[in-house]
Amino acid sequence: MYAELRDTAGELAGILWREHTVYRERGGGVVIRGEHVRRWISLAPTGGKDRALLRAGRILDGGTTAPARSEVVVDLSAGTAELAAVCRSLLADVAAVAEPAPVPDRGARAGKRERPGRKARAPRPGRPRKERHTSAGSLFVMVCVAVVLGAWLYSLFGGRGY
């Protein structure tokens, strides 16, 4: 199955992009990367004869791949032109998804100078920090420990009348 996927991926890559890289992924599928368009396509076996899972996604800034945005099961016995049409529609779906807005550079507005090649870190998303650091559960545990310690001390010294 891998040889068939590799041949199909090679043909598709030549039709879709002039510049591309074709390689094998861990699960036995084949990935076609178009670095210049910042997109990838994956062909993976599905267990059925002459069928493959076709997925498409983006390539991120560092060169890593983002999770698939679109996927469909295709029949490999269809012609290369039909498979290329399906790939183009998946790539159009990936491109249609709105890109996140860039985070403004806070350092430049505040007059800070940064080293060349470094980007300002975006603030971490999450809940705002509360003023109280000790939760109710922690207070309950501390009260229970104090009660047990008090009972132990009373049993040692309190009952004898010293």
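The values are calculated or read from the model by the stated rules, or taken from the named source; none is laboratory data. All values reported here derive from a predicted model rather than from experimental measurement. Backbone-built Cβ (ideal geometry, glycine too); neighbour counts: all protein chains shown. SASA here: full protein model, heavy atoms, side chains in, ligands and nucleic acids out. Shrake-Rupley method; radii C 1.70, N 1.55, O 1.52, S 1.80 Å.
Listing for the model above:
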| quantity | calculated |
| --- | --- |
| Test: R33 is closer than 15 Å to C87 by Cα and open to solvent by 40 Å² or more (accessible area, probe 1.4 Å) | no |
| Residues that are part of a loop (DSSP other than H, G, I, E, B) and open to solvent by less than 60 Å² (accessible area, probe 1.4 Å), drawn from the range 1-30 | W17, E25, G28, G29 |
| Any chance R69 is surrounded by 14 or more Cβ atoms within 10 Å (Cβ to Cβ) and modelled with pLDDT under 85 | yes |
| Residue in the range 83-99 that is open to solvent by 70 Å² or more (accessible area, probe 1.4 Å), modelled with pLDDT of 65 or more and of a type in the set (D, E, K, R) present | yes |
| Output for the range 49-66, where each listed residue is in contact with a Lys or Arg (Cβ under 8 Å, 6 or more places away or on another chain) and at pLDDT below 80 | T65, A66 |
| Neighbours by Cβ (under 8 Å, 6+ apart or cross-chain): first from the range 128-155, at pLDDT 80 or above; second of a type in the set (S, T, Y) and exposed (fewer than 10 other Cβ atoms within 10 Å of the Cβ) | none |
| Filtered residue count, the range 36-58, keeping only those that are closer than 15 Å to A96 by Cα, open to solvent by less than 30 Å² (accessible area, probe 1.4 Å) and of a type in the set (A, V, I, L, M) | 1 |
| Pair list, Cβ under 6 Å, 6 or more apart: the range 46-69 residue part of a loop (DSSP other than H, G, I, E, B), other residue at pLDDT below 80 and of a type outside the set (V, I, T) | L60/A66 |
| Given (1) at pLDDT 85 or above; (2) farther than 26 Å from E4 by Cβ, number of the condition R109 does not satisfy | (1) |
